[in-house]
Each structure stands twice: as C-alpha cells, then as structure tokens.
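Working notes for the structure below.
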Amino acid sequence: MIPEIGYFSLTLALVLSVLLCIFPLWGAHTGNLRLMRAAPSLAVGQFMFVLISFAALIYASLTDDFTVAYVAYHSSSTLPWYYKITSTWGGHEGAILLWLVMQAGWTAVVAMRSRSLPWILRARVLGVLGFLGVGFMLYTLLMSSPFELLLPYYPVEGRDLNPLLQDPGMIIHPPLLYMGYVGLSVSFSFAIAALLTGKLDNSWAKWSRPWTMTAWGFLTLGLTIGSWWAYSELGWGGWWFWDPVENAALMPWLVATALLHSLSVTEKRGVFKSWTVLLAIAGFSLSLLGTFIVRSGIIVSVHAFATDPDRGLFILAFLAVVVGGALTLYAFRVAQVRSEGRYKLVSREVALWLNNIFLVVATFVVLLGTLLPMVHKEMGLGSISIGEPFFNKMFAIILVPFAILMGIGPLLRWKQNKWGFLQNKMLFCAIVSIAVTSAWLFSSYDVVAPLTLLATTLAVWIVVTTGVDLYVKATIQTSFSQGLKRLDLSYWAMVLGHVGIAFIIAGVTLTSAYSVERDVSMKPGEVVQLNQYQYRFEGVNTIRGANYSGHAGEVSVLKNDKLETILHAEKRRYDIGMQFMTEAAIDAGFTRDLYLALGEQLSNGGWSLRIYHKPFVRWMWIGGMLVSLAGFLILGDKRYRSNKKREQTAAQEAI
Amino acid sequence: MNRKLLAILPLLAFILVCVFLYQGLFANPRELQTGRIGHTMPAFNLPDLMQDNKRWQHTDLQGEVYLLNVWGTWCPTCLAELDYLTKLREQGVKIVGLYYVQSYDADFDGAFDMAALREEVSSMLSRAGDPYQFNILDLERTLALDLGVSGAPETFLVDSKGTILLHHTGDINPRVWRSKFAPIMQELQP
C-alpha cells in the first residue's frame, strides 16, 4: 500500500512538473501573466508530492518491507534505524529519488525566494527547472523506480546495506553532493532564462550569484566530507583516489569555482558575459555527465552490479537534449552580446580571467583522465588506465601559477593598476612567505624536499597576501579594528575561501611528504616506536555489534613515557553479507593524526597492525570547511537578501 | 564570423563527446582485455560443490565445448542470469559452474560450513533454475585467480581442446548471447 502511494505520488509530481515546464515558458513567450503566476505554486506542489514519495520509501525501509525490491537489496531487519534511513540513498534507485527531492526542493526554494525578479525571468527560470524535473522524474518512473515489488516471492530478510556505507560520513556526504549538483541546475536555469530573454546584464549575474555560491558551498562540503569518509572508513589512510566517481564530483566543483569568480566580474564590471553563461551551462552539464558516467556503467568501477544499457541511453538522451539545447541556444544568442567595460593588462579582470583559465584547464585534465581510457579503447588502441600519478603531476603543475595568482589577484584593482605600486607589496609578501616557511619546515624536519618547500611556501604566500590585503582594505579610511567591521560579507567570503585553499594545499603537501607508516606484527605487551610516539599493543578482544561481530585491537600510545591516548581498531564481519570491514582507529589532532588499522592474526599468535603517523592531514578538511563556509557566508550579504520593499515594487511593475 | 564560430564551438565539442559516449554505451565496456583468451584452461584439481569425495580436474572437461560460469549465491546479478542460463541448458549448452566463495578466510574463520552453503545453493537453484551440469568449488579462489576472474558473474567459453575463446564479465542475457556467444558457438558446431 505505502509503496504504491509513493509511486503514485511521484506520478502526480511528474504531472505538476510537466505543467511547470509548459505554463510559465508559454506564458513568458506570449506575455500571459496568469500562466506565469501559476509557476510558484506548481513548483511547491511538485516538491510536496516528491517529498511524500520519498517519505514512502523511508517508511518502507524503516518497517522492513522486503516486498519492495529496493529495500530487500539495500537494507535488513538488523540494521540500526538511522542506517535504514540512509539505506534509501545507498543504491541507485533511491539515490536518484533523493536527487529528485533535492531538485524539487531547490525549485520550490527558487519559487519562493525570487519575488524580487521580473515575472518574465522568474517564469523562465522556473520553467527550465520544471523541464529538468520532468526529465529526472521520467527516468525514475520508467527506468529506475525504487518502488518495484518482489511479489509474490519476497525474501524474509534483506541483503543488508553495504558495510562501507554504514558510517556517519556516508549519511551526510551524498545528500550534500546532490545539493551541490542540483544547485548548479539553478545557475543553469538562470543562464538559460537570461539567454531566452536576451538580456545578459549585470542584474542577471547579481541574481544568479547567491544561488551559485550556495550550490558551490554544498558541493565543497560534500567533497570534504566524502574525502574524510574515505579516509576514516576505507582503512588505508588515503583521502582521495581519483576514481571516476570522485572525478565526477570534482569537475562540477572546478567549473563552479570558475563560475563564481566570473560572475563577480560580470556583476561588477559587465564583462565576460558570454563566458560566464558558458560556465553556468558547463557546471550543470558536467554534473549530468558525471551522473551518466557513474550510473551508466560505461566505466566499470564496482562489480556485481547489473548495469542496464537502457538506463545509460536515457541519461545520454536527456544529456543531449539539455546540454545540446542549451549550447545551441548559446550559439545563436551569444554572438549579439557585447562587453561594456574596458580594462588593462594589470587589472583584477585579467587576474580573474587567468583564474578561470587555470580552473578550466584543471577541469579538462580531469575530464580527459576520466574519458581517455574509454576513448582509447574505442579507437582500438587497447586498454589503458590513467591513475593517480597522472592527476597528481598535472595538478601540481597547474597549482604553482594558480596559487601565485591567488595571492596577487585580491591586491589588484579593477580596470588598471600601476605595476610599481604593486611590486613593493608583492616583494614584501614573497620575502615574508619564504622566510616563514623555511623557518617552519627546517626547524621541524630533517629533510625538506624542494617541492615540499615550494608548495608550502605557496600556501603561506596565499595567507600572507590575503592578510596584507585585509589590512590595506580595512585601513583605507579608519583604524584597523573599525575598518574590519565595514568590510562586507562577500569580501570575508573571499578571505575565508582563499585561506581555506591555503590550508588544503599545506595539508596535502605536508601529509604527502611526511606521513610515515609501518606494518608490524605484534604480540600483546610489545612496543614499537614511530617518530616520537611509542605504541604498546595491549591485546585483542572479541566484540559484538548490532549486525556484526569481530575483533578490536587495543593499543596505548605513549609520548615520553606519558600516556597520550588509547586506540581501538576494529575488524568487523557483517552478519548478512559476511563482508569484512576495517574500522581504523584515529586519534585526530591539529598537527597530526595517529591512525591504526588492525590486520589478521598470524600463526605465531601475534597480530598484524598498520600504524600511520600523518602530520597536518586534518588541515585538508579544516580548509574544506572554511571554503564551504565562504560559500554560505554570502547568503548573509545584504545586497543579495531579497528585501520586502523591492518585492512589492516589482510586483506592482508587473501588474 | 569569427565570433559566431567561437560561439558554436562548445556545441560541436559536446556533440563529439556525445558520439563517443553513445558508442561506448554499446561497445560493451565490460569486455575485459583478459590475458587468458587463446590460452588453455589452467590445470586444477578441485572438489565438487555438492558431493563429498568427488574431485574435478581440467582433463575431465576436455572433449566438449562448455561454458564455465563463475557465480555465487551472494551475487544478485548471478541470480538474475540463472533463468536464461537454464534456458540455454535446455537448448543443449553445457554449463559448468565455478562456485566463488566471496568471504571465506581460512586464517580467520576456522572450519568452513559446507552443509550451510550446500543448503543455500540448492534452495537458490531450485527456486531460480539450475543450469549447471555440476559445480566446482573454488574455496581458496586459486582457479579464479589463474583465470583472471575479477568478480561475479563472469563466463568463459572453452572449446573441446580446452582453449579459452571468450571471457565475458557481467550477466548473460539474450542480447549478450546473440552478439557475443552465438557467433562463436555456430562456428564451433556447424
């Protein structure tokens, strides 16, 4: 009964989204205000029905309704209740339904928060979002319904959720990523609406900016938490693997980062308009392409997962219609767009233009690395695999000029700058950065590789230049403390974002250069030394959880004979799938992580253990958090908050 | 003119990508570049899944064309293909199962519960169809390793001399059978 309600409710949502696609677009085309006015309520209605549908799936999962195929394959009665909820997006069909919830949710929020927009634009934005909704809902209903039943022969027990996915990081990171992907569809819709209207002006950029920033904030947070999940759950201390799924999330992030920088230029200076529109289209297109790559089975990453070419074909067709349509519109309309502003070589415009170039090049690197193995095979050249070394090398090369530019950019003013004036400031920053980094690294480590020194210097350079810029901007007219209060939130967003990136660069560099790991075999009572810590193996206990059993190894960590912490590393075996999982023990710290993974019992009675000392690894996630905070900060900026008065005047104008 | 060309460039690039993706979708990405194609079956001596004291060697299989199907009760795709494989058996295709135990670790688990596995296997086969002449149990996964098995289900087509002609990853369905297996089968049995 309940699953049928879910399916039916989704069908109703599809009907509403078809109307949402047709009414406002037709209304905007013919100038019919009544049709356009229907859009917001259709958007909200569509969201309600999608929500009911998702609630039905959660209910089925919570009540162990194994007549529902999806629940039977991704849940079990022994699963704790919170994992029963998260299992609703642990598999393909459910994940797509969650995507739909996000899509409809964003559409509803746009409908409610866009009162200050002219009706023509508002209707077109919602119409385009409605069109995207139609595509995803058709896909869900026709190709991947999570409400398929296993009647009359249904199992008495489910297959359980993949133990890898039974982790708090898994509960939150996919929804955050989807929020980001789908959020980019709002930027996309704004771009398409602006192209349809033929008015690519500053106000378009201004309206689009907070949505893009929010979506980008979610995307950043999702990537950060996803990387933390991989680190804590996969049991071998890595945090980024360059696999197709990660690349699919990284590409939209890179383009969205370029987009929000480009949007600021378009908003403030009225230049780069056509480029900004193209980025807005590309951001969402790459989200879709990523989904296609991950979901169609075109790149085999996880086995024993029957992939259906029909699904891939549907997504590809949808991709072709959405992206192909958008780019065709772009090709027709953009030739008429003229830039207004003028600028010289040494200006903020050029710095941001270079920023965009670097980010787009980085995106192409990821795209090539992901698609090239496939293209290569198709051309009959045999299988190749492109792995970490390629990506690491390419990103290291791009990073150097990019980071230098990141320091210079904020110091520049719009239009033009006197080069001599900058020279002194930059020389000062460069000397300070090199001095600070050298003092830091050479005092802490015996060996400092040139590349490590370079990359860390770049991170420090970003912080120093941002600090100098902050000081200069704050002391233009008043004292430093007074001036700080006057700076607006979007400036603070930039500061936070750049410092966050500096943290990420430093974290990645230092943890790559100075991580130490040891594989040891230990009997209870034995001690090994790794860097300044002693690890004493206390023994192994048997443990029993709700849906697993296993062993827990206990290790005391001592520093200068004082107890620092006790680590419990577990090796679990899940009852239903009989899969083994390593639950690493992590003692997190600001400057270092101690990481312990329990291996097998050896024939001599000892246990194999793997111990890692990872300096500054946490900085990566601290950095990621700062960057995503930057994305949300702009929401508080008063320039972007819709204010009541403007809404009313806009409404009057429309009438 | 130049500007128009620039504006249309993204569209052209996208179309190119789409063409490749479309081809990729039907080029069967699951085809592995296996090193075993053209080689003979590796030597093995393994127990039967259902009977005690019965063992199978590679020489026992020679003389007939057969499919070696790697499967396990833990694998949902394997369950999905049982029905079609059973139809193939009815058409006279000889199918030998290589049972792949996913999560058994001799150092960790102690004695293997044979009775439970057999019960699980026979209940699944009686429910979904039994396409197998017999099943070989590869508890230590040695034969799977020699064959280059990367997961389940996977199927090898072996001729009467014991030469591996095909290595298919993923399930066998009518489409796969028609496009990959049937042409080779026809050549072998005119």
Q | Potential lengthening between A:Leu354 and A:Ser608 on full extension [0.36 nm per residue; Cα-Cα distance subtracted] | A | 86.4 nm
Q) So which residue, out of B:Ile15, B:Ile172, B:Ile95, gets the largest mean-square fluctuation from a GNM of chain B using Cα contacts under 10 Å as springs? A) B:Ile15
Q) For labels at B:Lys161 and A:Ser203 in the simple 7 Å Cα→Cβ model, what's the distance in nm? A) 8.0 nm
Q | Nonlocal amide H pairs with A:Thr565, under 5 Å, H built at 1.01 Å | A | A:Val557
Q) Taking neighbour Cβ counts within 10 Å as the exposure measure, how do B:Lys4, A:Lys84, A:Lys425, A:Lys485 sort from fewest upward? A) A:Lys485, B:Lys4, A:Lys425, A:Lys84
Q: Please report A:Glu526, A:Glu93 as a ranked list, fewest other C-beta atoms within 10 angstrom at the top and most at the bottom.
A: A:Glu526, A:Glu93
Q. Tell me, what is the FRET efficiency for A:Ser479 and A:Ala435 to the nearest 0.05, using R0 = 30 angstrom and their Cβ-Cβ distance as r?
A. 0.60
Q. Using the Karplus equation 6.51 cos²θ - 1.76 cosθ + 1.60 (θ = phi - 60°), what ³J(HN,Hα) coupling, rounded to whole Hz, does each residue of segment B:147-152 give in order, writing x for Gly and Pro?
A. 7, x, 6, 10, x, 9
(Q) With angles folded into 0 to 90 degrees, how steeply does helix B:76-90 sit against the dominant principal axis of chain B? Use alpha carbons for both and round to 10. (A) 70 degrees
Q: Pairs to check: A:Lys268/A:Lys393; A:Lys523/A:Lys614; A:Lys523/A:Lys559. Give those whose C-alpha atoms are more than 29 Å from each other in this structure.
A: A:Lys268/A:Lys393
Q | HN-Hα J in Hz across segment A:387-400 - Karplus 6.51, -1.76, 1.60, θ = phi - 60°, x for Gly and Pro | A | x, 3, x, 4, 5, 4, 5, 4, 5, 4, 5, 5, 4, 4
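On average, how many beta carbons from a partner chain sit within 10 Å of the beta carbon of a residue in A:323-330? Walk me through the numbers on the way to the answer.
Values: counts 6, 4, 1, 3, 9, 4, 1, 4.
Partner Cβ neighbours, averaged per residue: 4.
Across the residues of B:12-21, average count of Cβ atoms on other protein chains within 10 Å?
Numbers: counts 2, 1, 11, 4, 0, 7, 7, 0, 6, 14.
Other-chain Cβ atoms within 10 Å of each residue's Cβ, averaged: 5.
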Q. Helix B:2-26 versus the longest principal axis of chain B: what is the Cα-based angle in degrees, 0 to 90, to the nearest 10?
A. 20 degrees
Q: Averaged over every viewing direction, what's the projected area of the C-alpha convex hull for chain A? Give it in nm², one decimal, please.
A: 33.6 nm²
Q) Against the longest alpha carbon principal axis of chain B, how many degrees, from 0 to 90 and to the nearest 10, is the axis of helix B:114-128 turned? A) 60 degrees
Q) Going by Cβ distance under 4.7 Å, what cysteines of the protein assembly as shown have no possible disulfide partner? A) A:Cys21, A:Cys429, B:Cys18
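So for A:Met494, A:Met112, fewest C-beta neighbours within 10 Å to most, what's the order? Numbers along the way, then the final one.
Numbers: A:Met494 21, A:Met112 12.
The fewest-first ordering by Cβ neighbours comes to A:Met112, A:Met494.
Can you give the average number of partner chain beta-carbon atoms within 10 Å of each beta-carbon in peptide B:149-160, as a whole number? All intermediate terms of the calculation are to be shown ahead of the outcome.
Numbers: counts 1, 2, 5, 2, 3, 2, 0, 0, 0, 0, 0, 0.
Average neighbour count from other chains, rounded to a whole number: 1.
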Q. Of A:Lys473/A:Lys638; A:Lys344/A:Lys485; A:Lys415/A:Lys638; A:Lys199/A:Lys638, which ones are farther than 27 Å apart at the Cα?
A. A:Lys344/A:Lys485
Q: In nm, give the distance between the simple-model label positions of A:Glu4 and B:Arg127, each being 7 Å from the Cα along the Cα-to-Cβ direction.
A: 2.5 nm
Q: Work out from phi, with θ = phi - 60° and the Karplus expression 6.51 cos²θ - 1.76 cosθ + 1.60, the ³J(HN,Hα) of each residue of segment A:512-519, listed in order in whole Hz, and give x for Gly and Pro.
A: 5, 7, 10, 5, 10, 9, 9, 9
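Where a number appears in this text, it was derived from the coordinates with a stated rule and is not lab data. Being a predicted model, the structure only gives us computed values, none of them experimental. Neighbour counts run over all protein chains shown; Cβ positions are idealised from the backbone, glycine included.
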